[in-house]
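The values are calculated or read from the model by the stated rules, or taken from the named source; none is laboratory data. Model, not experiment: these values are computed from the prediction. Here Cβ is always computed from backbone atoms with ideal geometry, including for glycine, and neighbour counts include all displayed protein chains. Areas reflect the complete protein model, heavy atoms only, side chains present, ligands, DNA and RNA absent. Shrake-Rupley method; radii C 1.70, N 1.55, O 1.52, S 1.80 Å.
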Amino acid sequence: MIGRLNHVAIAVPDLEAAAKQYRDTLGAHVGAPQEEPDHGVTVIFIDLPNTKIELLCPLGDDSPIAGFLAKNPSGGIHHICYEVEDILAARDRLKQQGARVLGNGEPKIGAHGKPVLFLHPKDFNGCLVELEQL
Ligand SMILES: CC[C@@H](C(=O)O)C(=O)SCCNC(=O)CCNC(=O)[C@H](O)C(C)(C)COP(=O)(O)OP(=O)(O)OC[C@H]1O[C@@H](n2cnc3c(N)ncnc32)[C@H](O)[C@@H]1OP(=O)(O)O
Ligand SMILES: [Co+2]
């Protein structure tokens with residue numbers, strides 16, 4: 001059901017500092033900041049030859065990543081995103097198997113303009129999983 005790894009997301013306390021490190025120290029192609037108010041985060045994507053890195057920092061008062069950054073103040077790997085062809089079929093199959101789909105269970109439009117859903121980290125080996133429809 002899951003396909004390619006779309007991105008690995010890293011939550012950071014200072015988005016500009018992290019972007020500068022990827023651009024200047026690691027020599028990566030770093031995109032522009034994108035505010036995503038529906039998701040409570042500002043993101044910067046970094047293009048790699050085989051996937052993307054998503055740098056995340058909180059946006060607004062009730063960001064879903066606030067708790068993670070409080071526990072990991074210098075940042076850390078926050079989620080991985082797999083591509084799926086049919087997100088509703090994937091959701092229904094996962095729910096049937098007992099996985100917890102976060103939020104109200106309905107996909108939201110993600111940073112690439114495509115529907116996304118999140119799966120509880122406790123159901124996936126301690127790793128928060130995002131699904132993105134192709
Ligand atoms: C820009 C759009 C989109 C894209 O297109 O790419 C995005 O990527 S948006 C990214 C931000 N959005 C989300 O993360 C939405 C889904 N996340 C959530 O709903 C919450 O973050 C969460 C997963 C429910 C956790 O919320 P939190 O407030 O931290 O809840 P708890 O404190 O109750 O945590 C429960 C439990 O889970 C552990 N935890 C929390 N976050 C993670 C994580 N990222 N990875 C692994 N484990 C995580 C937390 O430590 C708790 O564990 P215990 O302490 O053992 O109970
Ligand atoms: Co993401």
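Does Glu83 qualify as being modelled with pLDDT of 95 or more and within 14 Å of ligand 2 (Cβ to nearest atom)?
Against the criterion (modelled with pLDDT of 95 or more and within 14 Å of ligand 2 (Cβ to nearest atom)), Glu83 qualifies.
Which is acidic (Asp, Glu), open to solvent by 30 Å² or more (accessible area, probe 1.4 Å) and under 22 Å from Leu119 (Cα atoms), of Asp62, Asp47, Asp24?
Exactly one of Asp62, Asp47, Asp24 is acidic (Asp, Glu), open to solvent by 30 Å² or more (accessible area, probe 1.4 Å) and under 22 Å from Leu119 (Cα atoms), namely Asp62.
Quickly run through region 66-100 and pick out the residues that are among the aliphatic types (A, V, I, L, M) and farther than 18 Å from His112 by Cβ.
If the condition is that a residue be among the aliphatic types (A, V, I, L, M) and farther than 18 Å from His112 by Cβ, then Ala66, Leu69, Ala70, Ile77, Ala89, Leu94, Ala99 are the ones that fit.
Among residues belonging to region 75-134 that are open to solvent by 50 Å² or more (accessible area, probe 1.4 Å), of a type in the set (A, V, I, L, M) and more than 6 Å from ligand 1 (Cβ to nearest atom), point out the one that is farthest from Ala32 (Cα to Cα).
Ala89
Conditions tested, residue by residue: (1) more than 16 Å from Val116 (Cβ to Cβ); (2) modelled with pLDDT under 95; (3) loosely packed, with under 13 Cβ neighbours inside 10 Å.
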{"site": "Ala19", "(1), (2), (3)": "yes, no, no"}
{"site": "Val30", "(1), (2), (3)": "yes, no, no"}
{"site": "Asp38", "(1), (2), (3)": "no, no, yes"}
{"site": "Val41", "(1), (2), (3)": "no, no, no"}
